[in-house]
Each structure stands twice: as structure tokens, then as C-alpha cells.
Amino acid sequence: MKASQSRAPKQAVHPSRPALRDEGAGNLSNSTRTINSDGARGNSAAPQIALEIQRRAQAKRPKNFCFGCGKDNAEGMKLRFVIDDENRLVHGSFRLPGRYEGPPAHAHGGIVALLMDEAMGKLSRPENVVALTAEMTVEYLRPVPLRKKITVEARATNHNGRNYWRECTIRDADGNLLARGKGRFVKVADRVVLGRP
């Protein structure tokens with residue numbers, strides 16, 4: 001190789017996941033534009049995500065590497081929720097291990113937000129849609145303890161076009177409210193595309 005030539009750096013890619021192609025020829029802003037506040041698709045990454053979901057559904061055994069709920073993510077939380085389709089509710093009980101510590105003996109605020117995001121995201125199943133988090137707020141009322149039982153519950157509150165609004169709470173074993181949150185999720189695909197319930 002001549003001194004004037006240089007090699008392009010290799011992209012880090014998970015071995016079982018192809019990288020999403022960036023149509024912006026290296027311009028990161030093309031692949032990271034957000035969905036408009038009214039839920040309009042615009043120049044967002046949503047179509048790429050929908051195509052990746054469709055590609056995985058066509059595979060013999062789709063993999064789930066989600067940090068929150070993915071069974072194929074060795075470093076993930078592997079959260080499991082019960083989905084009540086009829087009442088459009090999701091709930092789960094957990095004991096968070098010490099590795100998620102923020103303040104001493106309590107969960108990091110980012111983990112609390114992740115629990116809510118996962119629970120509210122699971123409400124897409126009864127709606128038969130794939131909807132991504134567009135915005136979310138969390139109100140931290142009391143520290144969430146580690147190694148003690150907590151219950152996370154999410155419910156659907158409204159739906160308009162591609163927008164789905166949800167609420168979530170986290171309570172301790174005595175029923176004390178520890179945190180509550182709200183989120184707006186935007187539909188990017190129909191759930192039937194996934195080929196699995």
C-alpha cells in the first residue's frame with residue numbers, strides 16, 4: 001500500500017447482526033434524525049429499523065439483543081413481563097442485582113428509566129404494532145432498592161394516528177410508589193411483520 005493511500009476504518013459489527021447501511025455516505029446526521037413531534041416519518045431511521053425487524057423475522061430463529069429484554073444478550077437484564085391484552089396492561093416483578101447500583105444500595109436512575117421504557121414498550125404487542133420511544137419523562141419519587149422486590153406496571157392511555165401514549169409506575173413490596181413515568185411511542189411497523197406473537 002502506498003503511503004498516500006489509507007484504509008477506511010472497519011465498522012464494529014455484532015457477529016450475527018449486519019450493520020445498517022448509512023445512505024449518507026458517512027454522514028451520521030442522516031441516520032440519527034429524530035421523528036417529528038407530530039409523529040411524521042420525515043428523514044428518520046424508522047424505515048431502516050422496520051426493514052431490520054422484517055429481515056430478522058424472516059430468519060429461522062430471530063435473535064433478540066435488546067439490553068432490557070433480549071434473551072440473546074449475555075450482558076442484558078433479560079426482563080420478563082406479563083402482558084394483559086384485554087385490559088392493555090403490562091406488569092412484572094423484579095429484584096435488581098447489585099450491578100445496577102447508583103446511590104448506595106439503590107438502582108441507578110438510568111436503570112429505573114429503562115424499566116419503565118421496557119414496560120411501556122411491551123404495550124405495543126396488544127396493539128399489534130412496533131412502536132419506538134419518541135419521548136419519555138420519569139418522576140423519581142423515592143430511591144428504588146436493589147435486591148428487594150419491586151413491581152413495574154404500565155398501561156395504555158391514548159392513541160392517535162401513529163402515536164401511542166402510555167404511563168408506568170414502580171412500587172416496592174409494600175405498595176409504596178417509587179417512580180412514575182409517561183411516554184409517547186411512534187409506530188414504525190405492524191406487528192405481523194415480525195412473524196411471531
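The values are calculated or read from the model by the stated rules, or taken from the named source; none is laboratory data. The model shown is predicted, which means the values in this text are computed figures rather than measured ones. We place every Cβ from the backbone using ideal geometry, glycine too, and count neighbours over all the protein chains shown.
For this structure, a couple of remarks:
- In this structure, T133 does satisfy being in contact with a helix residue (DSSP H, G or I) (Cβ under 9 Å, 6 or more places away or on another chain), at pLDDT 95 or above, closer than 20 Å to G70 by Cα and not aliphatic (A, V, I, L, M).
- Residue within region 177-186 that is under 27 Å from E75 (Cβ atoms), assigned to a helix (DSSP H, G or I) and in contact with a strand residue (DSSP E or B) (Cβ under 8 Å, 6 or more places away or on another chain) present: no
- Only residues that are farther than 24 Å from R155 by Cα and either at pLDDT 95 or above or among the charged types (D, E, K, R) (or both) were counted in region 72-104, giving 10.
- Restricting the first member to region 84-99 and to residues that are under 10 Å from A119 (Cβ atoms), and the second to residues that are among the hydroxyl-bearing types (S, T, Y) and modelled with pLDDT of 95 or more, the beta-carbon pairs closer than 7 Å and six or more apart or on different chains are H91/T151.
- The sole residue among R166, R142 that is charged (D, E, K, R) and in contact with a helix residue (DSSP H, G or I) (Cβ under 7 Å, 6 or more places away or on another chain) is R166.
- Count of region 153-171 residues which are over 12 Å from E127 (Cβ atoms), among the small types (G, A, S) and crowded, with 17+ Cβ neighbours inside 10 Å: 1
- Positions within region 73-102 being within 16 Å of E127 (Cα to Cα) and either exposed (fewer than 12 other Cβ atoms within 10 Å of the Cβ) or charged (D, E, K, R) (or both), in sequence order: V82, D84, D85, E86, N87, R88
- Test result for Y140, among the hydroxyl-bearing types (S, T, Y) and over 22 Å from G70 (Cβ atoms): yes
- If only residues of region 51-65 that are under 13 Å from A189 (Cα atoms) and in contact with a helix residue (DSSP H, G or I) (Cβ under 7 Å, 6 or more places away or on another chain) are counted, the one that is modelled with the highest pLDDT is I53.
- Residues in region 75-123 that are in a loop (DSSP other than H, G, I, E, B), touching a Leu at 6+ places or on another chain (Cβ under 8 Å), farther than 22 Å from R191 by Cβ and not small (G, A, S): M77, L96, P97.
- Of all residues in region 113-149 being surrounded by 17 or more Cβ atoms within 10 Å (Cβ to Cβ) and among the charged types (D, E, K, R), the one that is farthest from P103 (Cα to Cα): E127
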